Amino acid sequence: MTQDGLGPLDRLLAERSCERLVLDFVRRLDLGEPGTVAELFTRDGVWEWPRGGRLVEGREALRRYFGARPADRLSRRICTNVLVTVESADEATATTYFATYRVDGHTEGTLVPPRPPVNIGHYEDVFRRTGGDWLLARRTLVLAFGGETERLGTSAGATGER
């Protein structure tokens with residue numbers, strides 16, 4: 001037992017639960033229903049993108065924000081270097097590197113030729129255990145490299161990480 005009251009197995013389970021949230025978040029955005037990522041946040045959860053000036057607070061606002069993703073968007077996020085630090089029995093933090101490949105104007109069943117990622121950066125996460133479940137309390141997106149989302153058939157696009 002450590003001074004924070006967690007044994008090795010409890011620490012490992014907490015780390016794995018938080019890692020799974022990181023992966024489930026991007027899976028829901030890329031392959032599922034984007035609005036459902038709100039369920040991975042605490043009721044007062046926050047999504048923040050300081051460089052983009054975005055701050056979305058609360059589960060309902062998160063559901064609207066992520067649910068507004070364009071229906072013709074094709075995206076894949078590659079996440080790596082997930083480093084979870086368990087701070088206590090009910091709080092953890094993580095840093096995850098990501099690269100986002102994304103285009104708008106996609107037609108289902110159409111294969112899009114490869115292109116460079118539109119964003120590369122990392123997420124800074126704070127997790128809170130609520131009612132026995134680990135949830136995101138805050139996710140901050142930090143971009144090192146960023147560009148516009150290409151609209152297929154045009155050369156200009158709209159920027160945005162969603």
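The values are calculated or read from the model by the stated rules, or taken from the named source; none is laboratory data. Being a predicted model, the structure only gives us computed values, none of them experimental. Every residue, glycine as well, gets a Cβ built from its backbone with ideal geometry; the counts of neighbours run over all protein chains shown. Keep in mind that these areas ignore ligands, DNA and RNA; they rest on the heavy atoms of the full protein, side chains included. Shrake-Rupley method; radii C 1.70, N 1.55, O 1.52, S 1.80 Å.
Worth pointing out:
- Approximate shape of the range 1-58 as ellipsoid semi-axes (Cα gyration tensor, √5λ), whole Å, largest first: 28, 16, 10
- Cβ-placed point charges (K, R +1; D, E -1), dipole of the range 22-162 about Cα centre in debye, nearest 20: 280 debye
- Fully extended contour minus Cα-Cα distance, from A68 to D133, at 0.36 nm per residue: 20.7 nm
- As a size descriptor, the averaged projected area of the C-alpha convex hull of the range 84-152 was calculated at 6.5 nm².
- Lys/Arg +1, Asp/Glu -1 at C-beta; the range 1-156 dipole; positive extreme among F66, T140, A38: F66
- Over all pairs of different C-alpha atoms, the range 48-96 has a mean inverse distance whose reciprocal, the Kirkwood radius, equals 13.9 Å.
- Between V112 and A144, the distance separating the two model label sites (each 7 Å from Cα on the Cα→Cβ line) works out to 2.3 nm.
- Relative pair counts by distance (%), Cα atoms of the range 39-162, 10 Å bins: 12, 38, 34, 14, 2, 0
- Distance between the pseudo-spin-label points of A61 and R16 (7 Å out from Cα toward the beta carbon): 3.5 nm.
- Computed in the context of the full set of protein chains, the accessible area of the range 1-147 at 1.4 Å probe radius has 53% of its extent on carbon or sulfur.
- Selection from G105, V82, L6, by position along the positive dipole direction of the range 1-158 (Cβ): G105
- GNM result for the chain, Cα springs below 10 Å: residue of G53, G146, G32 fluctuating most strongly: G53
- Loop-located trypsin sites (Lys or Arg not before Pro) in the range 1-53 (DSSP state other than H, G, I, E, B) with a sparse environment of at most 15 neighbouring Cβ atoms within 10 Å: R51.
- Put simply, the amide H of R138, placed in the peptide plane, has neighbours under 5 Å in V46, V126, leaving out anything fewer than 5 places away on its chain.
- For the range 73-115, the Cα gyration tensor yields ellipsoid semi-axes of 34, 11, 6 Å (square root of five times each eigenvalue, largest first, whole Å).
- A 1.4 Å probe run over the chain, with the rest of the protein chains in place, finds 55 Å² accessible per residue.
- Point-charge dipole on Cβ atoms (K/R +1, D/E -1) for the range 58-107, about Cα centre, debye to 20: 360 debye
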